[in-house]
Structure formats: structure tokens, C-alpha cells
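The block underneath contains the structure these notes are about, expressed in C-alpha cells.
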Amino acid sequence: MASQQLSKTYEPQAVEARWGPYWIDRGYFGAPADSTGQPYTIVIPPPNVTGSLHIGHALNNTLQDILIRWRRMQGRNTLWLPGTDHAGIATQNVVERQLLEEGTGREELGRDAFIERVWAWKQHSGNTILDQLKRLGASCDWARLRFTMDEGLSQAVREVFIRLHREGLIYRGHRLINWCPRCLTALSDVEVEHEPVHGTMYHVAYPLADDDTSLVIATTRPETLLGDTAVAVHPEDPRYNRHIGKFIKLPLTNRTVPIVSDGILVDREFGTGAVKITPAHDFNDFEAGERHQLPRIALLSHQALLNPKALRDAGVEPDILETIANLPAIKARPIVVDALKHRSLLVKTEDHEMALGKCYRCKTVVEPFLSPQWFVRIQPLADPAIAAVEQGHIRIIPEEWSNNYLGWMRGIKDWCISRQIWWGHRIPAWYCATCHPEARRILEGGGSHLIPTHAEPVVAETTPDTCPTCGQNQFIQDPDVLDTWFSSALWPFSTLGWPANTRDLETYYPTSTLVTGLDILFFWVARMIMMGLKFTGKPPFRDVYIHALVRDAEGEKMSKSKGNVIDPLTKMSQYGTDALRFTLASMASPGRDIKLSENRIEGYRNFANKIWNAARFILMHADGPSESRPIADKPFVDQWILSRLNHVTGTVTSRLEEYRFDQAAGQLYQHIWHEYCDWYLELIKPVLQNGDSPAARSTRATMLQTFEHLQRLLHPFMPFLTEEIWQTMPHQGDSLVSQPFPVAANEWENPEAEQTFAIIEQIVTTVRTGRALLDYGPSKALTILVTAKDPEEVARLNEARDHIAHLCRGTVSIAERDTWPADRILHLAVGSFTIGITIEGEVDLKKALTRIEKQSQTKQKEATRLHGRLASPDFAAKASPEVIQESKDRLALLTAELSLFASSEQQLRKMVS
RNA sequence: GGGCGGAUAGCUCAGUUGGGAGAGCAUUGCCCUUACAAGGCAGAGGUCGCAGGUUCGAGCCCUGUUCCGCCUACCA
């Protein structure tokens, strides 16, 4: 029947093109609103709208899809909610690059036009990654697609902002923050990537104001000394503490600055033990400055250029000032160093390893920058989030990452949430133009972005009508937008309709599992937990499954600049989506990075093809009459495969429950290829040829039943292939997507059948080995003689006999040893059996002899070891009885085999000579 | 600086309470056996990073050490 339609090899492209749209168009992925099943929810980690599917996405979404398809088939009320993230800085950068190519820029366009332009870009290009996810087979409820800047989600953002502000958990502060001089915005601590660099440590002599000696300080940024407002020494440092309270003459300036005592900042062991304090350009110094009430001198502009006005205010000598004004700090450094050298103030320089902070979006070196920003007071939010994990309300899997999370949360600092960019959620704060002239200047287009913190805004959902202070009605909205991760933090509930108390929220929240990479544990996961607990009173998810980072075959992080990116879409076209999915699932071992190698994908492509051909075989033989009957009445092969299937079903299910995708996939691979195809399908071939026999009718039914069962088990991993096969099978029912996931049927368990199979397997393998070592071609006639003493064994052998004969291509005869021919026979050991293989015609016996000798030696070694162990009194006294018995049994077996080898060797020698 | 992870076959990796070292790919020999040569069958290949320790017994537990990777951090 259908067999003619199936091509000889699996052709994934056509299959994927067929079923991808089919599933979506017929609504198979939609969350069933009226389902009574227990809900199972996953919210997708929203990819950036600017994104294109990379291998990390492929892994992340494959794992989510496996979970979702599996739970859906289990009958759970399943929702996988998809969406994208507006990705403030990243997206703005993309559009700005476009504008640059067009010879314009965002400033020229103006804010409103620019934002319009970004929306247009999103409309046009923002769906790329969604289409790619669909190609991957992601079974999201696409009708519920969300975007972090949707009206609903934006309302959630405003609501959260206002409530946090009302509670004093959001505040403005004039602080040192991380500033990207290229993106021209503040960054949060986690948005700074630290990179080790080879720097230089400069030892600079600072002359004391009241005598001729000097204090030597060590610094890696000598140019910032122009902004020093103190020098610190340790209070208990005998070298320096007599200077505390005195002043030094700051080199290259006309200023004197005090020497202060600071036990926190100063590490006596490091550098010279004397530290310059530059509160406006270093986080430690900022804090030290607060402790000592020091002035802050900010030398740099927002583009990190030395500001002439600031330099003048800092008292920098005019000739120096002139040479460094408007230079980037890094360019000014050699000039400053040179000047110091000329005045013999540079004591020495030495190499110094240090970490440099870079912008995670554009890799520009970030500057500590003094500016007014919005912050979230994080401690009150972090405490419950720590407790939720500590008390097990949220499980982090693998558990080892919990410490990572807890450690970070315990040392967490306030979160800078304002960004000086345009694309994002505008901060819902309004400044009265009358009360705050700075705001008016912005309104009129002449002011800086940064409104000083003493200006008190009105925080509200919409523009206020009148100013509570002066009663005027002209307002300017805060120009900043929120950190992208602020809206992402609300994702699990904002996507379900919060702050409205929707039915979705009630049904699907808290979500079940969050699947994500370690790289956004702090960016995203931690913040979702904090916000979820704060605003819904519940943890946003039960389990957090953290998967590995995908690296290239050399273990390097993939990046465009390195050119080592493995493009999942290319691999999907090359090998099929299912092959890629299966590879990723197989390699998803916990706590380990994935080094993706192409030959693994190829191997699983072959696996898909194997299954495909098994399907062809089965369809080819599914024509005849079939008949289902009680298990007890089924032929042995049926009983055996059902027993194995029961086992693998249970294992796959429990491995999935433990998020062991690798082991679940491995079980399926092993079972389908080696047990099902290599043994079961081979075993039933002769049965099926006997077309209309009762055994054939039963086996035909079992064959179809088990194969369908396997398609259902495998479907979450390889949805396209299994659907294609499913649709070709002769059965009722629509898409495999909505079929029930198999449940282990323990009545299938059958130790008897498994034991009989073990006999078949052992004897067949041994005979084949015998053939191979005699170079005795597979089609040459062969008689296999087997002895068995135990009546139970004889019974089993009789049951196994035809199968053995078929798989060995020989005749099997059960006979006592003394009835065997004396000559031209190879003796082999198989567990408790002895078999003999008759040899006809000319064969290379020497080769066989060598092989047997070698095997004999290996066994002898093991026997000696076991013997020694059993002879040890300590072992007898201390090992458990089971272990002792095991060793004894093993040794007995080895001894029997060895004696057989000996007799085989003897026989062969006789024949050779 | 702190924390974590890794080192097992040529390559990529499993190895679940300590008790006969595994898989996939690659490789060797034989086989076009009527589902599959992207296949079948049978092999070869490892002193489990190094050094100690605990134990009757260690890939697994402990200590130290080397190399690699990641996270984190204010050492100027």
C-alpha cells in the first residue's frame, strides 16, 4: 500500500514544510481555554526583535518544545506563550546604524520620528525570529504572541513603576553609575562585562604641601589624578599615619587636597599603601568620598572626553589643560604621564593585570559616570526572592546553580533602571516646567538629558493636570526610558493580563517551568522572581531549568566576530530539523557546556533515516490480516518487545520529569535502533513471511501497535518525522500532536520473555562471532549444537530455537555433548551453555586460534583477579554477602568458559596440524 | 581575589547511593541477507589529568597539585 509512496531515504524538507503550517493552521498548539487538565505553562524567554535564530535559541526552544509537546500529549492544559523583547539598546543601535547609512541620525530625526521609525522597522523585520522558531517546530500558542511594548505590557510596566515609587522602592539618585560613552546611556551592573587586560600601574609622587617630602601613590589611570580630591592612607600604617590631616599639592594643578585616614579603601599590602581618591571616576572612591565629605570633580563629558570647563574648575595648569582638552581619557593618559615624568614625579611603572568593564551591547569601555538616575531599592525585593529558593518554592535545576543565584542575590546592589535612550518604556514621571527650569530647558530643546535629582517629579500613569506645588499645568515627561530588563522582569504575569485579574492569569500563573541559559540568570531570572513575588505574591514559576551554553567544536563561545557561529538554520536545511533537535537534546547534559560537533548531527540524521526505513518496512508488511490478542497468548517476540517497550516508556518519562533530556533521548535512540530495529524487526521477518498464520496475525498487530507507541514517545523530540510517519500509518486519528503520550503498562513487563531473549541474543552473537573469526561467510551452511541440562533451559531453548536458526542462518540442534561429532567443530561458551559450530570446507583455522587465545587470556586475567579477591579474608569478612555471591557466580562462569576455550583451542590445534 | 565546573577510547561525551570501564562518530574485517550502504554483522582501541589518603575494594569519597573553562569581584 503506502510503501510505494515512501522514498527510500527520509527527506526532511518536504515533511517539515507540510506539517509546520498544518499544525498552526489547525490550531493544535492553542491552549485549550476550557480544558480541565492540570495547567502546564511555559513562557518563552522572549528573543530580541532584532534577533535571528542562533544555536543557543535552538537549544533553548527545542528543550521547551519537548516539555510542552510531552505535557500536551499527557493531557495537561498546556500553554507555551511566545513573544519578543523590544531590546532597547540593541534595537536602537540597529536602527541608528541604518540611519547612519542613510546619512542621517536620530538627533536629526527627533524623538517621535525616530520611535516611529523603530516601530516601522519592527513591523518589517521583527518577525524573522518568530518564523525561525516556527521552522524549529516550536509549538507555541502563536495566537497569544506578546511584545514587551504591547499596550497591555506597557500598562503593567507603568503600574509596577508607580507602585514601587509610591512605596519608596524606586528613587532618584545622583550617583556614580556605569556609563557607555558610545550608547550614551547608563547601564546596570550586570550589563557590564569584565575583560582582563594588561594594564600599567603608575607610581606617582604627590608632594606634601608643608615639607619637601612626598607620598607615592599607585594608579592605573593617572589622568584621573586631575580630579583627585584627597589621598587616603591606612590609619594603622606607620609609614604614613603621621601625615593624616596634612595636605598634598596635587600635581599638574593648583589645588591642595587633604590626606585622609581610610581603613576600608586602603589595603596596606597593595601598591604603595597610599591611594588617590577620585570620587567622580571610581566606585570605591565615590564611597570613600561620601565617608569623608569630599567634593566630586567630574572631568569627563558624557562622551568620555576631558571637559575643558571641568579641567579649568579643577585647577589644571593651563598648558596641560590645553593639550588634553577634549581628548578621550585614554589619549590624555600618555600626555599626563609625560608631564609627570618631566617633573620627576613619576617614580616607576609596572605591568598590571586588571579587569576592564565593557558595554554588553557594543563592547565599548564603560566609564564610571556621575549622573542623576532612577534606581530600584532592591534589598526589600531580594529578601523574599532569596527565601523562595532557599525554602524550595522555586527549584533551580541543576541545583548547583542555586548557590550562584543566592550568592549574587545576597550581595545585590540597587538597580539602575533609567536609560538615556529613546526606544523603550518612557518613565512615567513628569516635571513641572514652572517649578523646574531645567525641565523647561529640555522642553525647549536646549537642556541636557539629565534632570538634576533635586527636581521632584510627579509619578503617574498619565500627564498630570496641575502641578501640586504651583498649580501650573505645563509638564515635561522624564526623557529617560526604562531598562529593557525592567519589562522582562514582569513577563510571566504581564503576558497573562496582569494587572487585570484575568482568567488566564488565574489558570496559567504561576508558570510551571522556565527554561533558560545561565547567562541571563541575573539579568532576567532573579528579577522575575523578585517582581513576581512582589506583585502577585507567588513565585513566577516552579522550576527553573538552566541549560548549557552552546560552544563550537573547539569549546569557544560562538560569536560573529570570531566567525565560528554554527547557524542552526543551515544545519536544519542540511540534516533536517529533527536531527538538529535530537542532537541538542542528546547533548543537554546538566552543568556542562555543549560543544556542538557536526558529526553528531549527521549521526542523528541517520537515526531519523533509520526510523523512516523501519516505517517503510512496517507499512510494507502491514497489509495482511492482523489480530490483537491477550498478552499471554501472544508469541514470544511480541511479549518480549512489549516488555522492553514498557521499560523504555517508563524510563523516558521519568528522565523527562527530571529534565534529563540527554538520557531520555539516549534511551530512545538505544531502544529504537538496537532493540527495536536490530532485534525485533529481524526476529519477526520470518514470522511475517508466514503471512496468514495466527502468529503472523498477532505479530502484525503488535508490530503496528509498538511502532505507533514509539512514534508517540519520540514525538516531542522529533515532531516532523513522527507526524509524517503517523499520518502514513493505517489508523484512525488526527495529528500526533494531540495523541496521548504513552504510559508505562506494567502488565507488559515480562521477565520470562526477556530471559528467553537473552538466550537468543547470547547464542546468536556467539555464533556470529564464531563465523567472523573463522571467516565463515554468512551464507555458508552451519549446524549449531547446544547442550542444556536444566529442563527449564531446554524449554527456553526450544522456544528460542527457530529464532536462533533464522538469525544465524543455520540449523540448531540441542544435543548432549557426547553425541557431538568429535572433529571439525568449534566449541564456544555462552553463559551457561556450551555451543559447537560445525565447520565445513576449508577455513583459516590459525586466525581463529589466535583470536580464541587472546580472548582466553583476557578472561584468565579477570578470573585471577576474582580469585584473589575471594581468597582475601578481609573481603570475606567485610564485603556484603550479595557482592561476595556475585563474585563467586562470576568466577564460576569464567571458569566454565575457560575450560571450553581450552577444549576449543585443543580441537583447533588438532585440526591445524 | 572569591566561587563553580571540567580533565574517562583518535574526537565529542555518558557513567544515578564505591563492587565486572560505556555510547555516538571515526577506525579495521566481512556482507549489496528482499526497511535502511545515511545500512547489517563482528572487532580493535582506555594504567579514567598527576600525587597521596580512606576502604577488603576508588573513575566515583578525602587532601594536595597541574592544565582548561565559566561566573563573580572595588585590589587603587
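Summary table below
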{"item": "For chain A: relative contact order, % (alpha-carbon pairs under 8 angstrom, 6 or more apart)", "result": "12"}
{"item": "Where the Cα pairs of the stretch A:557-678 fall when distances are cut into 5 Å bins, in %", "result": "2, 9, 14, 17, 18, 14, 9, 7, 4, 3, 1, 1, 0"}
{"item": "Per-selection Kirkwood Rh - the stretch A:716-769 (Cα, Å, 1 d.p.)", "result": "14.7"}
{"item": "Where N is the number of residues in the stretch A:72-128, Cα Rg divided by 2.2 N^0.38 Å", "result": "1.67"}
{"item": "The stretch A:257-338 - Rg and Dmax from Cα coordinates, angstrom", "result": "14.1, 37"}
{"item": "Heavy-atom accessible surface of the stretch A:713-852: percent carbon and sulfur, 1.4 Å", "result": "50"}
{"item": "For A:R395, distant residues with modelled amide H under 5 Å away", "result": "A:D543, A:V544"}
{"item": "Dimensionless Rg ratio for the stretch A:405-444, taking C-alpha atoms and the 2.2 N^0.38 Å reference", "result": "1.83"}
{"item": "Förster-model FRET efficiency, 45 Å R0, A:D150 and A:M354, C-beta, rounded to 0.05", "result": "0.55"}
{"item": "Neighbour cut-off at most 10 other Cβ (10 Å), DSSP loop, GluC sites (Glu not before Pro), the stretch A:777-863", "result": "A:E816, A:E842"}
{"item": "Hydrodynamic radius (Kirkwood) for the stretch A:710-805, which is based on Cα pairs only, to one decimal in Å", "result": "17.3"}
{"item": "Projected-area average for the stretch A:146-274 over all orientations - Cα convex hull basis, square nanometres", "result": "12.9"}
{"item": "Rough spin-label spacing in nm, given labels placed 7 Å along Cα→Cβ, for A:K595 and A:N690", "result": "5.3"}
{"item": "Where labels lie 7 Å past Cα in the beta-carbon direction, separation of A:L406 and A:I162 in nm", "result": "3.9"}
{"item": "Efficiency of FRET from Cβ geometry, A:S654 and A:K888, R₀ 41 Å, rounded to 0.05", "result": "0.80"}
{"item": "Whole-Å distance, taken between Cα centres, linking the stretch A:719-795 and the stretch A:195-269", "result": "81"}
{"item": "Percent of beta bridges antiparallel (DSSP, chain A, rounded to nearest 5)", "result": "70"}
{"item": "Whole-Hz couplings from phi, Karplus 6.51/-1.76/1.60, listed for the stretch A:772-780; x for Gly and Pro", "result": "4, 7, 8, 6, 9, x, x, 9, 5"}
{"item": "Local electrostatic count, A:R377, Cβ distance below 10 Å [Lys/Arg +1, Asp/Glu -1]", "result": "-2"}
{"item": "Solvent exposure of the stretch A:735-809 as accessible area per residue, Å², 1.4 Å probe", "result": "47"}
{"item": "222 nm mean residue ellipticity, helices alone, for chain A (DSSP H n ≥ 4; -39,500 (n - 2.57); rounded to 500)", "result": "-14000 deg cm²/dmol"}
{"item": "Positive-end extreme of charge dipole, chain A - chosen from A:Y776, A:P45, A:G650 (charges on Cβ)", "result": "A:Y776"}
{"item": "Descending semi-axes in whole angstrom, ellipsoid equivalent of the stretch A:136-175, from the Cα gyration tensor", "result": "33, 12, 8"}
{"item": "DSSP-assigned coil residues among GluC sites (Glu not before Pro) in the stretch A:109-190, each with at most 11 further Cβ atoms within 10 Å", "result": "A:E167"}
{"item": "Whole-angstrom Cα spans of the stretch A:489-528 along principal axes, big to small", "result": "33, 17, 11"}
{"item": "Charge dipole (debye, nearest 20) of the stretch A:275-426; +1 at Cβ of Lys and Arg, -1 at Cβ of Asp and Glu", "result": "440"}
{"item": "Under-5 Å amide H pairs with A:V515, H placed in peptide plane, nonlocal only", "result": "A:Y545"}
{"item": "Total formal charge among the other residues, if their Cβ is under 9 angstrom from that of A:A781, Lys/Arg +1 and Asp/Glu -1", "result": "+1"}
{"item": "Between the stretch A:107-167 and the stretch A:859-890, the Cα center-to-center distance that results, in Å", "result": "68"}
{"item": "Projected area averaged over orientations for the stretch A:608-751, convex hull of C-alpha atoms, nm²", "result": "8.1"}
{"item": "C-alpha center-to-center spacing [the stretch A:5-29, the stretch A:381-432] in angstrom", "result": "42"}
{"item": "Selection from A:W430, A:A632, A:T766 lying farthest towards where the dipole of chain A points positive, charges on Cβ", "result": "A:T766"}
{"item": "Debye intensity ratio in log₁₀ form over the Cα atoms of the stretch A:804-913, taken at each q of 0.10, 0.13, 0.15, 0.18 Å⁻¹", "result": "-0.40, -0.61, -0.75, -0.95"}
{"item": "Cα→Cβ-extended label distance, 7 Å offset, between A:I264 and A:K854, nm", "result": "7.2"}
{"item": "Shape of the stretch A:265-310, Cα gyration tensor, a/c cut at 1.5", "result": "prolate"}
{"item": "Descending semi-axes in whole angstrom, ellipsoid equivalent of the stretch A:409-499, from the Cα gyration tensor", "result": "27, 16, 13"}
{"item": "log10 of Debye I(q)/I(0), alpha-carbon scatterers only, for the stretch A:1-110 at 0.10, 0.15, 0.24 Å⁻¹", "result": "-0.53, -0.88, -1.31"}
{"item": "Assigned charges on the beta-carbon of Lys, Arg, Asp, Glu; chain A dipole about Cα centre (debye)", "result": "740"}
{"item": "Under-5 Å amide H pairs with A:T253, H placed in peptide plane, nonlocal only", "result": "A:E317"}
{"item": "Solvent-accessible area per residue for the stretch A:250-379 (1.4 angstrom probe, square angstrom)", "result": "48"}
{"item": "Kirkwood Rh, Cα atoms: Rg over Rh of chain A", "result": "1.11"}
{"item": "Estimated FRET transfer efficiency when R0 is 56 angstrom, pair A:D678-A:A822 (beta carbons, to 0.05)", "result": "0.95"}
{"item": "Backbone HN-Hα couplings from phi across the stretch A:25-34 [Karplus 6.51/-1.76/1.60, Hz, Gly and Pro as x]", "result": "4, 8, x, 5, 8, x, 5, x, 4, 9"}
{"item": "Average Cα contact separation per residue, the stretch A:558-698, under 8 Å, 6 or more apart, as relative contact order %", "result": "28"}
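The values are calculated or read from the model by the stated rules, or taken from the named source; none is laboratory data. Everything numeric in this text was worked out from a predicted model, so none of it was measured. Cβ: placed from backbone, ideal geometry, glycine included. Neighbour counts: every protein chain shown. All accessible areas refer to the heavy atoms of the entire protein, side chains included, with ligands and DNA or RNA removed. Shrake-Rupley method; radii C 1.70, N 1.55, O 1.52, S 1.80 Å.
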